[in-house]
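Got a structure for you, written out below as C-alpha cells; questions coming shortly.
Nothing in this text is a laboratory measurement; each read-out follows from the coordinates by a stated rule. Predicted model only: the values in this text are computed from it and were never measured. A quick note on method: Cβ atoms are made from the backbone with ideal geometry, for glycine too, and the neighbour counts reach across all protein chains shown.
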Amino acid sequence: MKQFISVKDVSDINALVEKALAYKADPLKDKTLGVNKRIGLLFLNPSLRTRLSTQIAAQNLGMEPIVLNVDKEGWALEFTEGAIMNGTSVEHIKDAAPILGNYFDVLCIRTFPNLQNREDDYAEKIIHQFIKYAAVPIISLESATLHPLQSLTDLITIKESVLENNVLNNKKLKVVLTWAPHIKPIPQCVANSFSEWMTAWGEADFVITHPDGYELSNEYTKGATIINDQAAALKDADFVYVKNWSSFKEYGKVVCTDANWMLTNEKLANTNKAKVMHCLPVRRNVELSDEILDGPNSLVTKEASNRVWAAQAVLAEILELINNKAK
Ligand code: CP
C-alpha cells in the first residue's frame, strides 16, 4: 500500500480486515516491523480517538510517533498555488511538506472541510498537496471528504460482530446508514466514507436513509439503496450506523432538524436486533439517545477501541512496502 486516502488504495478489503483482527489477537506480533521508522501525525483539526489509536498502533509496530497540532502549534499554512502571502498564512505547503518528508518515513494528516465551498472541499487540495510535496506515504486521519481509517474500523467491527454473534443465520447481511439530527453543520466525510467502503466491500445489502435534501455525492453511494422512509429502511437491519451530516446539495447547510430522526429502542424493534454504531464523538439525546448508547445493542465502545487495529493494519502494509524497497 503506497498511501491510505480512500478504499481505492486497498487491494483486498477482506485481507486488510483479517490483518487487523490478527493484530487485535496479538498486538505485538510485528513489534519490530517499524523499528528505526518515524511517523508524523499532523492535526489541522481536533481529535481524540484518531490521534491516540494511531500512536498506539505505530508503537505496537516499533515506530516512533510524533504529534504536531498544526492548528495550534505550527505556522499557518498556505495551500494556494501562486499566493501572494501578505495575509495570515506564514508558510507555503511547498516549503513545509518536503521538510516533513525528510523528518518522517510516514506522514498522517487530519484536515476538515471548511463547508463553505463544495468544489474546494471535494478537490481535497490539502491532502493532495501533502502527497505531492512530501514524497513519503500519506495516511488520511480524516480529510475534507473521507475518513478511511474510521470506515475500515467500522467494517472490522461489523465482521467481528457477525462472527461473535452468528448474526447471519444463512441470510444476507443488511446494513443501514441513517442520518441523525444535529445542532451544527457537520462534514459528510464519515457518511461518504462508510458508503464508499460498504459498496466496495459488496457483501451486504446496504441502505442509506435520510430526510429530503441530505443526498450524499453519488460518487460514494453508487450501489446503495437510498430511501427517505427511515422505518422502511430499518426493517430487518442487522447493523444500523447512525451519523449526522450537513447537506451536499445546499452545501454545508442544516436543512432539517427533525428530532424524530433520532434512533430509539422503539425504532430498533423493527430490526433484526440490530447492533448500533456511531464513530463518536456523539451528541447524546440529539444525534443518538441515551437508551441506545447505554443499552445492549450499542457497539460504539468496541468500534472506537478497534481504531487501533485498523491503524495498525494500514501502517503494517505501508511499512512492508517501505522495507521491501529498502532491500
Ligand atoms: N471518530 C473519530 O475520528 O474520532 P476523533 O475525531 O476523536 O478522532
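From a point 7 Å beyond the Cα of residue 283 in the direction of its Cβ, which residues of the stretch 207-222 have a backbone N at a distance under 20 Å?
Correct set: 209-216.
Can you tell me the order of 251-258, 136-143 when each peptide is scored by its average per-residue count of other Cβ atoms within 10 angstrom, highest first?
On the way: 251-258: 14.0, 136-143: 25.1.
Ranked by mean Cβ neighbours within 10 Å, highest first: 136-143, 251-258.
If each residue of separation counts as 0.36 nm, what is the full-extension length gain between residue 15 and residue 166 once their alpha-carbon separation is subtracted?
The span from residue 15 to residue 166 would gain 52.3 nm if fully extended.
Let me ask something else about it. Run the simple label-point estimate for residue 73 and residue 91 please: 7 Å along Cα→C-beta, distance reported in nm.
1.3 nm
Sort 2-13, 183-194 by packing, meaning the average of other beta carbons within 10 Å per residue, with the highest value first. Walk me through the numbers on the way to the answer.
Details: 2-13: 17.0, 183-194: 21.8.
Taking the mean over residues of other Cβ atoms within 10 Å, the ranking is 183-194, 2-13.
Take the alpha carbon gyration tensor of the stretch 20-138, find the square roots of its eigenvalues, order them as a ≥ b ≥ c, and report rounded if a/c is under 1.5; if not, report prolate when a/b exceeds b/c, else oblate. Show your work: numbers first, answer last.
Numbers: a/c = 2.41, a/b = 1.87, b/c = 1.29.
Prolate is the answer for the stretch 20-138, as a/c is 1.5 or above and a/b outweighs b/c.
Still on this structure, please answer the following. How far apart, in nm, are the 7 Å Cα→Cβ label points at residue 183 and residue 203?
4.0 nm
Scan the stretch 28-103 for chymotrypsin sites (Phe, Trp or Tyr not before Pro) in coil per DSSP, keeping those whose Cβ has at most 14 other Cβ atoms within 10 Å, and list them by number. Write down the numbers at each step before the final one.
On the way: sites: 43, 75, 79, 103; in loops: 75, 79.
Answer in residue order: 75.
Still on this model: Using a Förster distance of 41 angstrom, determine the FRET efficiency expected from the C-beta separation of residue 256 and residue 8, and round it to 0.05. Write out the running numbers ahead of the final one.
Details: r = 31 Å, r/R0 = 0.76.
About 0.85, to the nearest 0.05.
Same structure, new question: Can you order the peptides 260-268, 174-182 by their average number of other Cβ atoms within 10 Å per residue, highest first? Could the numbers behind the result be given before it?
On the way: 260-268: 16.0, 174-182: 22.8.
Packing order, densest peptide first, comes out as 174-182, 260-268.
Right, next: Which of the trypsin sites (Lys or Arg not before Pro) found in the stretch 272-310 are in a DSSP loop and have at most 15 neighbouring Cβ atoms, other than their own, within 10 Å? All intermediate terms of the calculation are to be shown ahead of the outcome.
Details: sites: 273, 275, 283, 284, 302, 307; in loops: 273, 283.
Answer by residue number: 273, 283.
Can you flag which of 171/275; 8/174; 8/327; 273/302 are past 19 Å Cα-Cα? All intermediate terms of the calculation are to be shown ahead of the outcome.
Values: 171/275 16 Å; 8/174 23 Å; 8/327 27 Å; 273/302 17 Å.
From the list (171/275; 8/174; 8/327; 273/302), the Cα-Cα distance tops 19 Å for 8/174; 8/327.
How large is ³J(HN,Hα), in whole Hz, for each residue of the stretch 218-233 in order, when computed from phi with the Karplus curve 6.51 cos²θ - 1.76 cosθ + 1.60 and θ = phi - 60°, using x for Gly and Pro?
Per residue, the Karplus-derived 3J(HN,Hα) values read 5, 4, 9, 10, 4, x, 8, 8, 10, 9, 7, 7, 5, 4, 5, 5 Hz.
Hey, how much of the P(r) for the stretch 87-178 falls beyond 21 Å, as a percent of Cα pairs?
For the stretch 87-178, the share of Cα pairs beyond 21 Å comes to 51 percent.
Here's a follow-up. Averaging over all projection directions, find the projected area of the Cα convex hull of the chain and quote it in nm² with one decimal place.
Numbers: hull surface 66.5 nm².
The directionally averaged projection comes out at 16.6 nm².
Now, a different point. Would you work out which of 116, 314, 252 lies farthest towards the positive end of the dipole of the chain? Charges go on Cβ: Lys and Arg +1, Asp and Glu -1.
Positive-most Cα among the choices belongs to 314.
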